[in-house]
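The values are calculated or read from the model by the stated rules, or taken from the named source; none is laboratory data. Not measured: the values here are computed from a predicted model. Here the Cβ is made from the backbone with ideal geometry for all residues, glycine too, and neighbour counts use every protein chain on show.
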Amino acid sequence: MRTCEVAIIGLGLMGSSALHSLVRRGVDVLGFDPLAAGESRGSSHGSCRVYRRFNFESDAYTDLSDKAFAGWRALESISGRTILKPSRVLEAGPPGSQMVADSRAAATRKGAVTGPTNGAEANAAFPAFHLPEGWDVVVQESGGILMAEAAMLAFREGADGQIVRAEAQMQRTRAGIRIATPNEEVMAEKVIVAAGPWIAPFIPGLERHLKVTRQAVGWFTPAKPESVRYGEFPVFIVEGGRGLVCGFPDFEGRGVKAARHDHGPVAGADEWHPPATDRELEAVGATLTEFVPGAAGAIADRDVCLYTNTLKADVRTDNGNEFIIDRLPEDPRVIVASPCSGHGAKFASAIGSMLADLALEPKLPALPAFRLDRFSQFVPPFQRLTNKHH
């Protein structure tokens with residue numbers, strides 16, 4: 001039986017980033033995934049994701065985003081690939097929009113508020129838009145387009161001999177963590193579980209705290225191609241009456257990629273088919289027609305992504321839709337990584353390093369915002385007694 005110091009189950013962006021970090025530290029590590037990089041199943045497939053330095057979802061994200069930015073630039077230097085293409089990010093919503101207010105507050109704390117502040121100014125600066133003039137707008141200059149597939153390939157470079165293309169099962173034993181594939185068994189000292197929408201079966205009790213949703217993605221042939229060119233048109237998030245819709249400039253010549261950032265229908269981990277339907281993309285197309293007419297047009301291509309989100313916590317309350325990056329309280333040899341919630345990709349370079357740290361440094365605490373013990377089911381018995389007495 002082969003042995004290793006750390007095994008990684010799941011080599012999407014998070015698992016591949018952890019693999020990269022561990023390999024560079026000289027750790028004896030093996031990564032397991034039946035899917036090839038970029039394969040059409042898996043939460044990390046597809047060419048691009050949005051990188052936002054300032055995030056409306058959580059105060060915990062801005063420092064994480066800064067660390068990720070440094071990580072992406074380091075990966076570019078190591079690999080010679082373009083990983084993060086600079087782009088402005090425009091967020092817009094009706095007067096009083098909480099999304100815009102929270103993004104502006106995060107940017108203000110870093111002294112980085114620039115550009116249009118209302119719909120009229122945004123329309124003048126970016127002719128593809130037709131926002132209501134009184135809408136709230138915030139623009140961040142330090143955003144970008146994360147080249148997700150290029151990043152995943154860069155993370156895996158130099159680690160071919162440490163990647164096992166096979167589905168893996170995990171069994172915790174006193175001697176270590178047994179990883180079984182159809183062809184072999186490996187005994188690992190630690191394991192990082194980063195299996196995306198397939199994560200729940202590896203961690204008993206986790207399924208009740210997660211929700212997997214199907215997200216339809218479309219590429220739209222722009223009505224005014226000159227108005228949505230990369231470098232002139234920003235990444236955008238628009239909060240209209242049909243929900244949040246995010247999109248990219250036409251930087252690949254495929255059209256404007258756009259999708260709802262709200263949660264779609266609940267799905268199983270293998271529900272990648274059928275392809276996104278016209279009905280699923282109707283709200284996206286209508287939002288473009290209403291607010292970004294320069295980007296609106298016929299659907300040129302389509303895809304499906306899966307979001308894996310936490311539900312609301314019941315110990316230290318949060319709003320859900322969050323990450324889990326923590327050791328399993330009942331067995332700290334197991335590190336749980338579920339940051340694939342629709343806004344995790346941009347942090348992958350930082351999260352991979354965090355996962356490596358948790359695997360190698362037993363006394364290093366996980367960040368409070370991402371801990372498992374915010375769910376009562378994962379509070380250790382001694383901590384439950386302490387909480388009860390307090």
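Here is how the numbers come out for the structure above:
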item: Boolean, Arg229 is outside the structural domain of Gly268 (by TED's automatic domain parsing) and modelled with pLDDT of 95 or more; result: no
item: Subset of region 248-274 that is crowded, with 19+ Cβ neighbours inside 10 Å and among the charged types (D, E, K, R) - its residue that is modelled with the lowest pLDDT; result: Arg260
item: Residue match in region 204-224 (condition: surrounded by 22 or more Cβ atoms within 10 Å (Cβ to Cβ), acidic (Asp, Glu) and not in a loop (DSSP other than H, G, I, E, B)); result: no
item: Verdict on Ile177 being farther than 15 Å from Met1 by Cβ and part of a strand (DSSP E or B); result: no
item: Hey, Val245 surrounded by 23 or more Cβ atoms within 10 Å (Cβ to Cβ), β-branched (Val, Ile, Thr) and part of a strand (DSSP E or B) or not; result: yes
item: Residue ID - farthest from the chain's Cα centre (by Cα), chosen from residues in region 42-87 that are charged (D, E, K, R) and crowded, with 21+ Cβ neighbours inside 10 Å; result: Arg53
item: Candidate set from region 170-203 (those that are under 24 Å from Gly264 (Cα atoms) and of a type outside the set (Phe, Trp, Tyr)); member that is surrounded by the fewest Cβ atoms within 10 Å (Cβ to Cβ); result: Pro201
item: Verdict on Val23 being modelled with pLDDT of 95 or more, within 17 Å of Ile163 (Cβ to Cβ), assigned to a loop (DSSP other than H, G, I, E, B) and not charged (D, E, K, R); result: no
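Quick grid of which residues meet (1) part of a helix (DSSP H, G or I); (2) touching a strand residue (DSSP E or B) at 6+ places or on another chain (Cβ under 9 Å); (3) over 30 Å from Gly26 (Cα atoms); (4) modelled with pLDDT under 95:
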residue: Gly342; (1), (2), (3), (4): no, yes, yes, yes
residue: Ala350; (1), (2), (3), (4): yes, no, no, no
residue: Leu355; (1), (2), (3), (4): yes, yes, no, no
residue: Gln377; (1), (2), (3), (4): yes, no, yes, yes
residue: Phe382; (1), (2), (3), (4): yes, no, yes, yes
residue: Leu385; (1), (2), (3), (4): yes, no, yes, yes
